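Q: A single structure is presented below for examination.
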Amino acid sequence: MPIFALIIPLLLLPGCRSLPKAPGISSEELQAIEARFGVAARERVQTWRQVIEDNKTQPVLEKLNVANQVFNRLKFEDDSVHWQLEDYWATPIETLATNGGDCEDLSIGKYFTLKALGIADQCLRLTYVTSLTLNKPHMVLNYQCDRNTPSLVLDNIVPAIMPSLERTDLLPVYSFNASGLWIAKQQGMGIQVGGSERLSLWMQLLERMTKTFGSKGDF
C-alpha cells in the first residue's frame, strides 16, 4: 500500500488536524477563539488578519475601504442586546468573534485595522457625534493627515466613505485616539483637552488587549 494512503486517513482524525494559522496571531489564540465562540468566529478572525496582510502595500484610500467594509459587514446590535450591558467597548477580535456590535465597536475595529495596515495614529480619530438623522449619539472614525484637507468619515450608517464637509447629518462632540482627547469642531482637528486615559471604557478596552496579546498596539 502506498505510504500516502496511510497518511491521509491519519490527517483526517480530529486529534491530528493541522493547527489554524493566520498572519499576526498565534495558532493558540485562534484555537482559544474557536473554543469559546465556534469555528465561524475563528474563521472570521483568520480572514481579517489575512486581509490586513494582503493590503499592507495598498494606497491609503484602498486601506480605508478595506477596513470600512470588513466591519460594516458585521451585524449591528446595541450593547444591551449583544453584550447584555448598558455600555461596552469591544476589542476588534471580540467584535469579529461575536459577529457584530454597535457603532463604537465597529469604529474601534476599523481604527485598529488601519493601524495594523500602517496608518499613523495621528491620522485617525474615533469621533463621537450626534446623528441628526437618528437624533441620538453615534460614533464614527475620521481619517485626516493634512490639516488643510477635510477629514474622511468611515461610518456604518452611511457605508460610503465621504468627506466630513458632506456629512451635514453629523454634529461632532469629541474625538480621541491613543494619543489624546479633543473637543471636536465641525471642521478641523479640534482642541486638545487631555489624554485619552480620561475615557474609562477606552482604557478598559486597551487593558483587555494587553492581557490577551501583550501589547496595546497589537491584537
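Q: What is the calculated FRET efficiency for C145 to A35, with r their C-beta to C-beta distance and R₀ = 25 Å, to the nearest 0.05?
A: After rounding to 0.05, the efficiency reads 0.05.
Q: Taking one equal scatterer on every alpha-carbon of segment 75-115, how large is log10 of I(q)/I(0) by Debye at q = 0.21, 0.25 1/Å?
A: Computed log10 I(q)/I(0) values: -0.53, -0.74.
Q: To continue, here is another question. Cα centroids of segment 32-92 and segment 100-144: how far apart, whole angstrom?
A: Their Cα centres are 13 Å away from one another.
Q: Quote to one decimal, in nm, the extra length available between E86 and K56 on full extension: 0.36 nm per residue of separation minus the C-alpha distance between them.
A: Result: 7.2 nm gained on full extension.
Q: Which of T133, P150, F112 sits farthest toward the positive end of the charge dipole of segment 101-158, with +1 on the Cβ of Lys and Arg and -1 on the Cβ of Asp and Glu?
A: P150
Q: Right, next: No solvent, one uniform scatterer per C-alpha: report log10 I(q)/I(0) for segment 30-115 via the Debye equation at q = 0.18, 0.21, 0.22 1/Å, two decimals.
A: Debye intensities relative to I(0), on a log10 scale: -0.74, -0.97, -1.04.
Q: Considering every Cα-Cα pair within segment 55-213, what fraction, in whole percent, is farther apart than 23 Å?
A: Tail fraction, whole percent: 32.
Q: I would also like to ask the following. Hey, can you rank 139-151, 76-88, 162-174, 108-120 by average C-beta count inside 10 Å, highest first?
A: Values: 139-151: 18.1, 76-88: 13.4, 162-174: 16.3, 108-120: 21.3.
So the order, starting with the most tightly packed, is 108-120, 139-151, 162-174, 76-88.
Each reported figure results from applying straightforward, stated rules to the coordinates on display, with no laboratory input. What you see is a predicted model, and the numbers here were worked out from it, not measured in a lab. Please note: Cβ atoms are built from the backbone with ideal geometry, for glycine as well, and neighbour counts cover all protein chains shown.
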